[in-house]
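Note sheet for the following structure.
Throughout, read-outs are computed from the coordinates displayed, never taken from laboratory work. Please read these numbers as outputs of a predicted model, since none were measured by experiment. Cβ: placed from backbone, ideal geometry, glycine included. Neighbour counts: every protein chain shown.
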Amino acid sequence: MAIEIPRELLPVDGRFGCGPSKVRPAQIEALASVGSSLLGTSHRQAPVKNLVGSVRERLAALFRLPAGYEILLGNGGSTAFWDAAAFGLIENRAQNLVFGEFGGKFAKAAAAPWLEAPDVRKAEPGRSTRAEVVDGVDVYAWPHNETSTGVAAAVRRVPSDGALTVIDATSAAGGIDFDVAEADVYYFAPQKNLGSDGGLWFAAASPAAIERIERIAASDRYIPEFLSLKNAVDNSRQNQTLNTPALTTLHLLDSQLEWILAAGGLEWAAARTTESSRLLYEWAEASEVATPFVPDAADRSPVVATIDFDDSVDAAAVAKVLRANGIVDTEPYRKLGRNQLRIATFVSIEPDDVRRLIRSIEYVLEHTAG
Ligand SMILES: *Cc1c(COP(=O)(O)O)cnc(C)c1O
């Protein structure tokens, strides 16, 4: 018979996926309240342009943007940003730190025929690696949080004159505190820690990054219009995108930013994700059958907790039982192929729900034969 987890152990909200991730009910209510005034209206008119303006202002406040930094946005999510960067941000050669799937995908995009082959620095799964100054590299790139493995890496400017430090913050943005002055481009899509939906990319860009974008755009390099960062700069300054953006994504993001800022901003958000993830890591360290997948505690992500199980436990079976009980998306990243649970501890997730999740996992382990 299937295992039924007692109701009192279950999280109030069972969504623990790493993206798309939990959208708070208050965001849905806020969205419903603009159902006829915003949704289904022109993105060239004031209601939508004001919404884009609000998102840009709130992101600037969240990241405490220094003078001269700008918030850019465009369509296509972080995956589109990688190609846009290959066309319009990398001048000649990138160095890509790869400690999981997503860092690897940018490295592939950076291997464009008009660029020199990227300097790819690969770490073993569960480990991180550092940038190293190399002559001729003009973009140093790594993820702030590698969502596929649960490895977080510090945002620290690479001390190389004229080079840009470019950070993939897709699952970190708004969940890990950092100093944006240490990056030239801090880009992300909002369907992870920022609890919105997919389809758009956003970036905080330094004056040096804007200068680079403008210089490459003025060169004779061919750049498709849709992937033109210069186009994104020009449109973003007018609170617009080249083509139609997803209005629901913008609205869900705006209400999430409002919520985080009112609660205390990045510092508050980081304390909350740290509390949630610590519960899981401490539980795993104390457990006889579980261990944190990331061996070095300093590399462990506060927003994506990956927990390995020993051979006595079939993690996929545990995830399946959890799913049958309404606790969804705790499966590990597909291609990592480990006996593991991967649990988002994004800012939207209540630390008390993480406590309940742990009790639910314990219940499943106790009631599974073997
Ligand atoms: C999810 C994710 C991406 C891909 O985002 P899309 O919006 O689906 O393109 C890129 N980088 C990281 C770190 C991610 O977690």
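Table for the structure above
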| item | result |
| --- | --- |
| LEU31, LEU341 arranged by Cβ crowding within 10 Å, fewest neighbours leading | LEU31, LEU341 |
| Taking TRP114, TRP142, TRP268 and counting other C-beta atoms within 10 Å, the order from fewest to most | TRP114, TRP268, TRP142 |
| Fluctuation leader among GLY74, GLY14, GLY103 - the chain, Gaussian network, Cα springs under 10 angstrom | GLY14 |
| Neighbour net charge for GLY264 - beta-carbon separation under 15 angstrom, K R +1, D E -1 | -1 |
| Entries in LYS122/LYS192; LYS108/LYS192; LYS108/LYS320 that, when Cα-Cα distance is taken, lie over 28 Å | LYS108/LYS320 |
| Distance between modelled label sites at ALA298 and ARG7, nm, 7 Å Cα→Cβ extension | 4.8 nm |
| Residues in segment 125-150 reached by a label modelled at ASP161 [backbone nitrogen below 13 Å; 7 Å Cα→Cβ] | 136 |
| Size-normalised alpha-carbon gyration radius of the chain, reference 2.2 N^0.38 Å | 1.00 |
| Least to most buried among LEU9, LEU65 (fewest other Cβ within 10 Å first) | LEU9, LEU65 |
| Spin-label model distance (nm) - GLU366 vs ALA262, 7 Å beyond Cα toward Cβ | 3.9 nm |
| In order through segment 301-307: 3J(HN,Hα) via Karplus (6.51 cos²θ - 1.76 cosθ + 1.60), integer Hz, x for Gly, Pro | 6, x, 10, 9, 9, 10, 10 |
| Charge context of LEU252, other residues only, Cβ under 15 angstrom, K/R +1, D/E -1 | +1 |
| Using a Förster distance of 22 Å, the FRET efficiency for ALA218-LYS108 (Cβ separation, nearest 0.05) | 0.25 |
| Environment charge at LEU279 (Cβ cut-off 12 Å; Lys +1, Arg +1, Asp -1, Glu -1) | -1 |
| Label-point separation in nm, VAL133 to ALA181, each point 7 Å along Cα→Cβ | 2.0 nm |
| Under DSSP loop assignment and at most 15 Cβ neighbours within 10 Å, longest GluC sites (Glu not before Pro)-free interval of the chain | 133-287 |
